[in-house]
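Engineer: Input: one structure, supplied below.
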Amino acid sequence: MTTFKLNVNGKPHTVSVDGDTPLLYVLRNELGLHGPKFGCGLGQCGACTVLLNGTATRSCLLPVSTLRGANIVTLEGLGTPERPHPLQSAFIKEQAVQCGYCINGMVMSAAGLLRSNANPGESEIREALAGNLCRCGTHTRIIKAVRRAAAFPKEEI
């Protein structure tokens, strides 16, 4: 076991784990953050997506040893129930959630997109979300939610 200091959701955390432990396991098992989900374990489904230095990244593929000095944001770090992030509010208003399996990846991928492109077109939204598996069929509402969130001022995203 090795001790690692991580910046997660704007707060410092110290964990003692094997350096090869995937970030997903640290977030869920050590820090009690359950926004990122275990899906495939291969970085293909998107359920484990977090923002790593502002970029949407699959946490199941990241050994914790590679994350010193990184800024990690999970779904829990975007907003709170009392003050949701514009994306979270937009997903609620558009009723873009059904089973919840893909939503972490959809929201975090959209957050990464909106941080780099404040006004994406539909094709850019579709491309940013393409790596997230969803079987519920709410794709149209998810795209509407991302477009709704894009209408917020950039500093709120």
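Here, each number is a calculation from the coordinates, and none is a lab measurement. The shown structure was predicted, so the numbers you read here are calculated from the model rather than taken from an experiment. Here the Cβ is made from the backbone with ideal geometry for all residues, glycine too, and neighbour counts use every protein chain on show.
Engineer: Name the residues whose placed amide hydrogens come within less than 5 Å of the amide hydrogen of A56, ignoring near sequence neighbours (fewer than 5 apart) on the same chain.
Structural biologist: Residues meeting the amide H criterion: G112.
Engineer: Going Cα to Cα from K144, which aspartates and glutamates come in below 16 Å? Please leave out same-chain ones fewer than 8 positions away.
Structural biologist: Answer for K144, where 16 Å is the Cα cut-off: E94, E122, E124, E127, listed by chain and number.
Engineer: Per residue of region 19-35, what does 6.51 cos²θ - 1.76 cosθ + 1.60 with θ = phi - 60° give for ³J(HN,Hα)? Whole Hz please, x for Gly and Pro, Karplus curve as stated.
Structural biologist: Running phi through 6.51 cos²θ - 1.76 cosθ + 1.60 with θ = phi - 60° gives x, 7, 4, x, 3, 3, 5, 5, 4, 7, 8, 8, 9, x, 9, 10, x Hz.
Engineer: Expressed as an acute angle from 0 to 90° and rounded to the nearest 10, what is the orientation of the C-alpha long axis of helix 103-116 relative to the principal long axis of the chain?
Structural biologist: 80
Engineer: If you build a Gaussian network model of the chain, linking Cα atoms that sit under 10 Å apart, which residue out of S109, S89, S16 swings the most?
Structural biologist: Most flexible of the set in this elastic network: S16.
Engineer: First select every other residue whose beta carbon is under 13 angstrom from the beta carbon of R28; then total the charges, Lys and Arg +1, Asp and Glu -1.
Structural biologist: Once positives and negatives cancel, what remains is -1.
Engineer: Would you mind telling me which residue in E124, E94, E82 has the biggest mean-square fluctuation in a Gaussian network model of the chain, where springs connect alpha carbons within a distance under 10 angstrom?
Structural biologist: E82
Engineer: Separate question: So, with +1 on the Cβ of K and R and -1 on the Cβ of D and E, and no other charges, what is the size of the charge dipole of the chain about its Cα centre, to the nearest 20 debye?
Structural biologist: Using only the charged Cβ atoms, the result is roughly 240 debye.
Engineer: Tilt of helix 139-150 relative to the longest C-alpha principal axis of the chain, in degrees (0 to 90, nearest 10)?
Structural biologist: Once rounded, one gets 80 degrees.
Engineer: Same structure again: Compute the signed sum of charges (Lys and Arg +1, Asp and Glu -1) over the other residues within less than 13 Å, Cβ to Cβ, of A130.
Structural biologist: That sum, taken over residues with Cβ under 13 Å, equals -2.
Engineer: A follow-up question, please. What are the residues whose amide H is under 5 Å from the amide H of G79, where those residues sit 5 or more places off or on another chain and H is modelled from the backbone?
Structural biologist: Amide H to amide H, under 5 Å and 5 or more residues apart or across chains, G79 pairs with H85.
Engineer: Follow-up. Using the Cα centre as the reference, give the magnitude of the dipole from point charges on the C-beta atoms of region 2-77 (Lys, Arg: +1; Asp, Glu: -1; all else neutral), rounded to the nearest 20 debye.
Structural biologist: 120
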